[in-house]
1. Go through (1) of a type outside the set (F, W, Y); (2) closer than 15 Å to A32 by Cβ; (3) assigned to a strand (DSSP E or B) for A199 and report which single condition fails.
2. For segment 285-320: of the residues being in contact with a helix residue (DSSP H, G or I) (Cβ under 9 Å, 6 or more places away or on another chain) and of a type in the set (V, I, T), which is farthest from R373 (Cα to Cα)?
3. Out of everything in segment 263-304 that is closer than 18 Å to G358 by Cβ and among the hydrophobic types (A, V, I, L, M, F, W, C), what residue ends up being farthest from the chain's Cα centre (by Cα)?
4. Within segment 275-295, which residues are farther than 28 Å from V231 by Cβ and hydrophobic (A, V, I, L, M, F, W, C)?
5. I'd like the residue in segment 86-107 that is among the charged types (D, E, K, R) and crowded, with 17+ Cβ neighbours inside 10 Å and, out of all such residues, is modelled with the highest pLDDT.
6. Of all residues in segment 123-155 being among the polar types (S, T, N, Q) and not in a helix (DSSP H, G or I), which is surrounded by the most Cβ atoms within 10 Å (Cβ to Cβ)?
7. Collect the residues in segment 210-238 that are of a type outside the set (S, T, Y) and more than 29 Å from E186 (Cβ to Cβ), keeping them in residue-number order.
8. State yes or no: is V113 in contact (Cβ under 8 Å) with a residue 24 or more places away in the chain, buried (at least 23 other Cβ atoms within 10 Å of the Cβ) and either part of a loop (DSSP other than H, G, I, E, B) or touching a Cys at 6+ places or on another chain (Cβ under 9 Å) (or both)?
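The values are calculated or read from the model by the stated rules, or taken from the named source; none is laboratory data. Since we're looking at a predicted model, the values are computed, not measured. Note that we place each Cβ from the backbone using ideal geometry, even for glycine, and neighbour counts take in every protein chain shown.
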Amino acid sequence: MDRILIRGGARLSGEIRASGSKNSTLALMAAALLADGEVILRNVPRLRDVETMLEILRALGASADWAEGDEQSLRIDPAALNQPEAPYDLVRKMRASFMVLGPLLARFGSARVSEPGGCAIGVRPVDQHLKGLAALGAKIQLDHGYVEATAAELRGGRVAFDLTTVNGTQNVMMAATLARGETLIENAAREPEVVELAAVLGAMGAEIEGAGGDRVVIRGVESLSGVEHTVTGDRIEAGTLLAAGLVTGGDVRVTGVKPVFMESTLEKFREAGADIETDEGTARIRMAGPLQPLRAVTAPFPGFPTDMQAQLMAVLTLAEGSSVVVEQVFENRFMHVPELQRLGADISVSGRSAHIRGVPRLMGAPVMATDLRASAGLIVAALAAEGDTVVNRVYHIDRGYERIEAKLRALGAEIEREK
């Protein structure tokens with residue numbers, strides 16, 4: 001099993017390009033199942049989660065692989081789809097794989113998908129997905145850990161989510177594109193990944209209005225065509241790289257990303273004392289003075305993202321004063337706190353609130369990654385710590401960050417992967 005070794009203390013500087021968005025890519029791969037033609041996705045990150053989704057698509061009968069001669073592009077042809085069942089051994093690895101349920105149901109009239117797995121960061125039930133599909137006329141049964149959905153014909157309907165769900169919004173949106181009539185999704189997720197999915201479905205021939213707001217209207221069509229699309233840059237990876245520049249007092253420019261999708265993250269970095277410059281596809285962070293304490297509360301987009309919570313907390317361990325981070329999205333997303341404490345952080349947790357009292361320095365130590373974003377938080381902290389830090393169980397970070405050690409090394413970090 002790999003581990004990452006970091007010798008902290010280097011000031012990061014330079015320019016680096018963000019990889020394509022993991023979360024957008026996974027939704028778009030599921031959407032490819034709806035097409036009557038080949039789907040080509042460009043700027044795709046080479047990640048463990050992407051490989052898992054490729055395996056799922058192949059298990060369903062689709063032709064799905066990396067494009068020859070282009071290591072960042074996927075070619076997906078669903079023409080040979082013959083199996084509306086996504087197996088447990090694959091779906092258990094990654095929660096986003098449950099998004100094949102809607103497309104399979106729309107295409108076959110039936111689908112059988114294992115209940116999903118993924119990071120152990122809290123209860124993330126799929127009941128909202130199922131509620132939405134039932135509103136389109138699907139009959140839902142749970143059978144020994146599998147969700148079975150059937151519908152002789154999906155019909156448009158009103159879907160009012162009880163809580164905001166990104167994957168749930170995407171799942172129902174995809175199913176509704178081939179349903180008969182009009183579907184209204186209320187309390188829809190507003191995340192950029194939802195907007196990108198809607199745009200790509202539109203390019204395939206779907207009729208969707210309102211994506212990016214909390215009311216989305218989908219008018220069903222007879223069929224969807226293939227499409228070529230370049231995936232937008234990953235706003236969470238970009239935020240993580242900027243946090244690394246912030247905590248080391250550096251000067252880091254990240255390209256290939258839309259800062260307009262990162263406003264809540266960039267605002268917290270400004271509160272922490274950073275000078276931020278942005279243009280249409282670039283964000284730059286410079287740090288000249290001491291880190292400042294702040295209060296952050298995670299929330300669905302456009303609020304501060306839960307996927308940046310661990311990285312911000314790592315930064316705040318060295319702030320001059322006391323900070324508070326409140327986690328409102330997932331109830332078990334402070335598992336990185338004991339590992340940060342091993343590095344010398346002064347953090348106490350009470351319910352969903354973490355109180356961080358800044359310390360003069362962190363000291364390197366062996367730490368254990370517990371989930372994807374916790375891994376990133378530990379690496380951010382280790383970059384500023386004195387001495388050597390070993391981050392174990394980095395298979396978590398490989399799920400969502402493409403060659404993270406190479407990108408940080410290009411910015412001046414002393415970091416390497418060890419088998």
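1. Evaluating A199 over (1) of a type outside the set (F, W, Y); (2) closer than 15 Å to A32 by Cβ; (3) assigned to a strand (DSSP E or B) leaves (3) as the failure.
2. Within segment 285-320, the match that is farthest from R373 (Cα to Cα) is I285.
3. The qualifying residue farthest from the chain's Cα centre (by Cα) is A288.
4. M287, A288, L291, L294, listed by residue number.
5. Ranking the candidates gives R107 first.
6. T150
7. Answer for segment 210-238, where residues must be of a type outside the set (S, T, Y) and more than 29 Å from E186 (Cβ to Cβ): G226, E228, G233, E237, A238.
8. Judged against the criteria, V113 is not a match.
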